[in-house]
């Protein structure tokens, strides 16, 4: 009750519920800010991730957000084709396709970052930094999911 009263006092009197476009904007903005923080922390605390400046990091976070969302959209569209298909063969193929999209997208992300930012954004280490790209991307997705789950519990 106390939290609801505080929240009510902080909101403007004319606050309205957001529509779908506004919710999508908030989701993408939050995702980009999460990506910015995660990329910044990896840059600061790892010798395998390098970003030349905050401005480049902000742009890279936007690119990463777009590419990660496109990956999720692609995965959902491909997996929708398996809806209603039963059996071990279909299940195996479904999971293989999901893995292929999620794993293969990291090569696309790595190449896109290299093309767009050149030496200003680098992932170094085994497999030309691929393992660090995967680690950064997994951290971004995990943190976004934790924030969304926390947000839903507030309701």
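From the square roots a ≥ b ≥ c of the eigenvalues of the alpha-carbon gyration tensor of the chain, which class results: rounded (a/c under 1.5), prolate (a/b over b/c), or oblate?
Oblate.
With a point put 7 Å past each Cα toward its Cβ, work out how far residue 115 is from residue 96 in nm, to one decimal.
Each label point lies 7 Å from its Cα, and together they span 2.8 nm.
Given a 10 angstrom Cα cut-off, can you work out which residue in 32, 126, 140 is the most mobile in a GNM of the chain?
Greatest mean-square fluctuation among the candidates belongs to 126.
For 51, 63, 148, which order do you get if you count the other beta carbons within 10 Å of each Cβ and list the fewest first?
Final ranking by Cβ density, sparse to dense: 148, 63, 51.
State, to one decimal in nm, how far the label point of residue 55 lies from the label point of residue 33, with both points 7 Å from Cα in the Cβ direction.
Calculated label separation equals 2.3 nm.
Given a Förster distance of 30 Å, report the FRET efficiency between residue 41 and residue 153 from their Cβ-Cβ distance, rounded to the nearest 0.05.
For residue 41 and residue 153, the calculated efficiency is 0.80.
Take the alpha carbon atoms of the range 58-98, find their center, do the same for the range 119-137, and report the distance between the two centers in whole angstrom.
Cα centres, the range 58-98 to the range 119-137: 22 Å.
Would you calculate the separation in nanometres between label points at residue 81 and residue 143, each defined as 7 Å from the Cα along the Cα-to-beta-carbon direction?
Here the answer is 3.4 nm between the modelled labels.
What ranking of 153, 77 emerges when the number of other C-beta atoms within 10 Å of each C-beta is taken as an exposure proxy, fewest first?
Fewest-to-most Cβ neighbours within 10 Å comes out as 153, 77.
So what is the relative contact order for the chain, in percent, with contacts set as C-alpha pairs under 8 Å and at least six apart?
28
FYI, it's all coordinate maths here, none of it is from the lab. As the structure is a prediction and not an experimental result, all values here were calculated from the model. Cβ coordinates were reconstructed from backbone atoms using ideal geometry, including for glycine residues, and neighbour counts include every protein chain displayed.
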